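Engineer: I am attaching a structure below and will ask some questions about it afterwards.
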Amino acid sequence: MTEMSIDQFRLKAEPYYRPVGNEVDLFEAAYARRMPVMLKGPTGCGKSRFVEYMAFKLGRPLITVACNEDMTASDLVGRFLLDKDGTRWQDGPLTTAARIGAICYLDEVVEARQDTTVVIHPLTDYRRCLPLDKKQELLQAHEDFQLVISYNPGYQSLMKDLKPSTKQRFGALAFDYPEAELETEIVAAETGVDKEIAGKLVQIAHRARNLKGHGLDEGISTRLLVYAGQIIAEGVDPVLACKMTLVTPLTDDPDMQETLEAAVATYFFA
């Protein structure tokens, strides 16, 4: 693996991230020991941005995998491919990260099948190795390699949860949406809208989050607030921008849409 190929996984600019608690210090301590880390929290609360920020801060390449139910172990580990010269082995993202000493981030890991996630087990204990059975190779992970996973425990069904044998291989950091003042600062910084508008968006989100479990599976995420602010910054009427980004994506239920639109109207008037 050449330096150029490693560099393609390095972040070129520092991602914007505002610490909420002591998560930065805790992650740094975990990385110092190369401890696998699990990030738990609701959709759009900043878990992926946090991993990007930490990879940049630590000066490590980052390889991110968006997990899904169709993902196989070969998608993570690698497979043999046919080309004009015959067959050749191609590393998967997990194998690449283990070889070059990258942080490998498995986003929403419970979306993958349990028989797929089992392949990470040898990388998450004292062995720090990855068996490549098809290639008959036992890959010893680079000394700088770290595995990070994320998932939303409040959204998963019992059929889509991590096995205890997997959970207990990780240290865990719990994430949630920031306090109103900090979230307002984040939305303003990410979108360019003034703090008054950002604050109104955050207040709408807080109202919607109270409806979780009462008609909504998830509340309005910080990510959606950023989308709303970006559309408003483009000159779109705030009511229309909020309907596009905070109401329509969240629910198809007409009554719940009306409830959310009423919350928007409390702060923005058409």
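Engineer: Can you name every residue in the range 1-39 that is at pLDDT 95 or above and among the small types (Gly, Ala, Ser)?
Structural biologist: Ala13, Ala29, Ala30, Ala32
Engineer: Considering Gln203, Gln168, which residue is in the same structural domain as Arg34 (by TED's automatic domain parsing) and more than 20 Å from Gly21 (Cβ to Cβ)?
Structural biologist: Gln168
Engineer: So Glu218 clears everything in (1) at pLDDT 95 or above; (2) outside any helix (DSSP H, G or I) except one condition, right? Which one?
Structural biologist: Answer for Glu218: the failing condition is (1).
Engineer: Which is surrounded by 11 or more Cβ atoms within 10 Å (Cβ to Cβ) and modelled with pLDDT of 95 or more, of Pro42, Pro61?
Structural biologist: Only one candidate qualifies: Pro61.
Engineer: Oh, and also: Please state which of the following conditions Lys57 fails to meet, knowing it meets all the rest: (1) part of a helix (DSSP H, G or I); (2) under 20 Å from Phe170 (Cα atoms).
Structural biologist: Going through (1) part of a helix (DSSP H, G or I); (2) under 20 Å from Phe170 (Cα atoms) one by one, Lys57 breaks only (2).
Engineer: Quick one: how many residues across the range 102-123 are closer than 26 Å to Lys57 by Cα and touching a helix residue (DSSP H, G or I) at 6+ places or on another chain (Cβ under 8 Å)?
Structural biologist: Of the residues in the range 102-123, 9 are closer than 26 Å to Lys57 by Cα and touching a helix residue (DSSP H, G or I) at 6+ places or on another chain (Cβ under 8 Å).
Engineer: For the range 1-37, enumerate the residues that are touching a Lys or Arg at 6+ places or on another chain (Cβ under 7 Å) and either within 25 Å of Leu123 (Cα to Cα) or outside any loop (DSSP other than H, G, I, E, B) (or both).
Structural biologist: Correct list: Met1, Pro36.
Engineer: Looking only at helices (runs of 4 or more DSSP H) that fall completely inside the range 137-210, which ones have 2 or more residues that are touching a helix residue (DSSP H, G or I) at 6+ places or on another chain (Cβ under 7 Å) and among the basic types (Lys, Arg)?
Structural biologist: Counting at least 2 such residues, we get 195-209.
Engineer: Further question on the same structure: Please go through the range 212-270 and pick out each residue that is among the polar types (S, T, N, Q) and within 21 Å of Ile186 (Cα to Cα).
Structural biologist: Hits for the range 212-270 are Ser221, Thr222, Gln230, Thr245.
Engineer: Something else: Can you name the residue in the range 92-129 that is free of Cβ contacts under 8 Å to residues at least 40 places away in the same chain and not in a helix (DSSP H, G or I) and is also surrounded by the fewest Cβ atoms within 10 Å (Cβ to Cβ) among such residues?
Structural biologist: Going through the qualifying residues, I end up with Tyr126.
Engineer: May I ask you to list pairs of residues, at least six apart or on different chains, whose Cβ atoms are under 6 Å apart, with the first in the range 177-196 being over 17 Å from Glu23 (Cβ atoms) and in contact (Cβ under 8 Å) with a residue 60 or more places away in the chain and the second being in a helix (DSSP H, G or I) and hydrophobic (A, V, I, L, M, F, W, C)?
Structural biologist: Close Cβ pairs satisfying both conditions: Glu190/Val226.
Engineer: All but one of (1) part of a helix (DSSP H, G or I); (2) more than 18 Å from the chain's Cα centre (by Cα) hold for Phe50, so report the exception by its number.
Structural biologist: (2)
Engineer: Shifting gears a bit: Looking at the range 74-90, can you tell me whether even one residue there is outside any loop (DSSP other than H, G, I, E, B), β-branched (Val, Ile, Thr) and surrounded by 13 or more Cβ atoms within 10 Å (Cβ to Cβ)?
Structural biologist: Within the range 74-90 (the criterion being outside any loop (DSSP other than H, G, I, E, B), β-branched (Val, Ile, Thr) and surrounded by 13 or more Cβ atoms within 10 Å (Cβ to Cβ)), the answer is yes, since at least one residue qualifies.
Engineer: Looking for whichever is within 30 Å of Leu250 (Cβ to Cβ) and touching a helix residue (DSSP H, G or I) at 6+ places or on another chain (Cβ under 8 Å) here; the options are Tyr17, Tyr31. Which one fits?
Structural biologist: Tyr17
Engineer: Also, I was wondering about something else. So which residues in the range 230-270 are of a type in the set (S, T, N, Q) and in a helix (DSSP H, G or I)?
Structural biologist: Within the range 230-270, Gln230, Thr245, Gln257, Thr259, Thr266 qualify.
The values are calculated or read from the model by the stated rules, or taken from the named source; none is laboratory data. This structure is a prediction, so every number in the text was calculated from the model and none was measured. Cβ atoms come from the backbone with ideal geometry, glycine included; neighbour counts cover every protein chain shown.
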